[in-house]
Amino acid sequence: MQDIETWTSAQLAVLATKTQLLTTKEAKTYHVDFIGNAIRKVPSKITEEVDLAHFQSKLEALLTLFPVKNENNKFIDKAYLKAVNELKIELQKKHNLVSEGYFIAIFLPLGVAIGLPFGLLFKNIALGLPIGLGIGLAIGASLDQKAKKEGRVI
């Protein structure tokens, strides 16, 4: 247990040093909160040593890919963002962990797609879209709240 705690504190320190010069917009773009929460929460959720070692190595590789500003004050970030998305997908599939707002992002467009035929049925699309939007938002928010209660939100 002490080993996990030292690894966690070391990785959080690395993340803090790499992100200290970022603005809040840049921190959101590069998913700094997600990575910090993953460092804190995921090791306690993983039960097998092999999976834990794989997660730790993947996260360390992700932190080495963290973008650095070039001479034009812009970031080089495509490989990093791809690695973050791969980590999110892996955590979702293997460990059933989701990022905050995941279900709203999934069900909001589905609700709109359901509301559109209702609008066509009543010959008033402007009526169907808000209905579908409300349905998708309600389902997504309830599933997000359920995942949060179960402790599956990173």
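Remarks
- Rounded to the nearest Hz, the phi-derived 3J(HN,Hα) couplings of the stretch 137-144 under the Karplus curve 6.51 cos²θ - 1.76 cosθ + 1.60 (θ = phi - 60°) are 5, 5, 5, x, 5, 5, 5, 5, where x marks glycine and proline.
- Cross-link reach is defined here as a Cα-Cα straight distance under 20 Å, omitting same-chain residues fewer than 8 places apart; for LYS146 the lysines meeting it are LYS41, LYS45, LYS88, LYS93, LYS94.
- Taking amide hydrogens as placed 1.01 Å from N in the peptide plane, the amide H of SER99 sits under 5 Å from those of ILE154, each at least 5 positions away in sequence or on another chain.
- Neighbours of ILE89, meaning other residues whose beta-carbon lies under 13 angstrom from its beta-carbon, give a summed charge of +3 when Lys and Arg score +1 and Asp and Glu score -1.
- In order along the stretch 145-151, phi translates into HN-Hα couplings of 5, 5, 5, 5, 5, 7, x Hz, rounded to whole numbers, per the Karplus curve 6.51 cos²θ - 1.76 cosθ + 1.60 with θ = phi - 60° and x for Gly and Pro.
- Between GLN20 and LEU137, the modelled label-to-label distance comes to 4.2 nm, taking each label 7 Å out from Cα in the direction of the beta carbon.
- The aspartates and glutamates within cross-link reach of LYS58, meaning a Cα-to-Cα straight distance under 19 Å and a gap of 8 or more places when in the same chain, are ASP3, GLU5, ASP33, GLU48, GLU49, ASP77, GLU86, GLU90.
None of the figures in this text is laboratory data; all of them are computed from the coordinates on show. Quick caveat: nothing in here was measured; it's all calculated off a predicted structure. Methodologically, a virtual Cβ is constructed for each residue, glycine included, from the backbone with ideal geometry; neighbour enumeration extends over all protein chains shown.
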